[in-house]
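To start, the structure under review is shown below, and the notes come after it.
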Amino acid sequence: MTEHVIVSLEKGVQTLTLNRPDKKNALTPEMYGALADGIERAERDPNIRVTLITATGDAFTAGNDLADFAKAGATPVDAKPETKPHVTRFLENIAAAEKPLIAAVNGLAVGVGVTMLLHCDLVYAGASATFQMPFVNLGLVPEAGSTLLLPRLIGMQKATDLFLTGKKIGAEKAEALGIVAEVFPDNALPGEALARAQALAAKAPNAVRITKALLKGKDRALVAAQSQAEAAHFGAQLRSAEVKEAISAFFEKRPADFSKL
Ligand code: COA
């Protein structure tokens, strides 16, 4: 258990609230573990009909904790973990979940904070939410099937623009592109998202589950294969001089310099 993810259950909705606001809810292995556990719990517990992911503070999540990326990049390639890393479990679980996943994006969403939205069935956002996938800026590559899912969702040009520039877009733009279903005033987001999640939780559960399977099922094998291809490159890049420079630059609060690489 970690205090950085708060778990609650009300009217069939399990809410997983990221709660590390002083670090913009950057995700640690323990937080991925709690999220992965939450989704597994939802899949087997008939009292949970819907899972809602949201966060405290002014950020949804600043993505993976960069200090953890630096640690992971320093481990030898052949040091195979005994158990599946929590991040892998989380990414696999959100891709495979049979019950609906909803996200309420209350502020900035960076990196995996956007990747996970591509696996959620409904994404709601506060008006001040922002969305950014700066993988390339960090010397990394996208993950979890997002190089397949994002172009399908918003088109190849728009997806390439987001992936290669790492630029930040606002909630209205994300809604226009189709990444977000509906935008609410910031203070209304928690109530509106919970009300919608509870309304979905009250619907016929098999009809909901089958409809989700019909929407997503045909892509699951493709997404899994693309995720594996991305993961191989991601792991190699994590150990690269490019990532080392980018992460050092972040913590030293200076621009990264890739000119000699
Ligand atoms: N990993 C670890 N710590 C992070 C973090 C991350 N991904 N994102 C933010 N933090 C920490 C900062 O180091 C800072 O900690 P400190 O107060 O101990 O110095 C704290 O959270 C607040 O962040 P700060 O950068 O001061 O806030 P900001 O509002 O100026 O900027 C961001 C917010 C998210 C734009 C900026 O922190 C950022 O770019 N973070 C990295 C995002 C990223 O690249 N994620 C990985 C994507 S693959």
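Selection of the stretch 27-53 for residues being surrounded by fewer than 24 Cβ atoms within 10 Å (Cβ to Cβ) and either near the ligand (Cβ under 10 Å from one of its atoms) or assigned to a strand (DSSP E or B) (or both) yields only Thr28. Does Ile179 fit the bill of being of a type outside the set (Lys, Arg), more than 16 Å from the ligand (Cβ to nearest atom) and either outside any helix (DSSP H, G or I) or more than 28 Å from Val7 (Cβ to Cβ) (or both)? Spelling it out, Ile179 is indeed of a type outside the set (Lys, Arg), more than 16 Å from the ligand (Cβ to nearest atom) and either outside any helix (DSSP H, G or I) or more than 28 Å from Val7 (Cβ to Cβ) (or both).
Each residue in the stretch 44-70 was checked for being more than 17 Å from the chain's Cα centre (by Cα) and at pLDDT below 95, and 2 of them qualify.
The values are calculated or read from the model by the stated rules, or taken from the named source; none is laboratory data. Worth saying up front: this structure is predicted, and the values here are computed from it rather than measured. Here the Cβ is made from the backbone with ideal geometry for all residues, glycine too, and neighbour counts use every protein chain on show.
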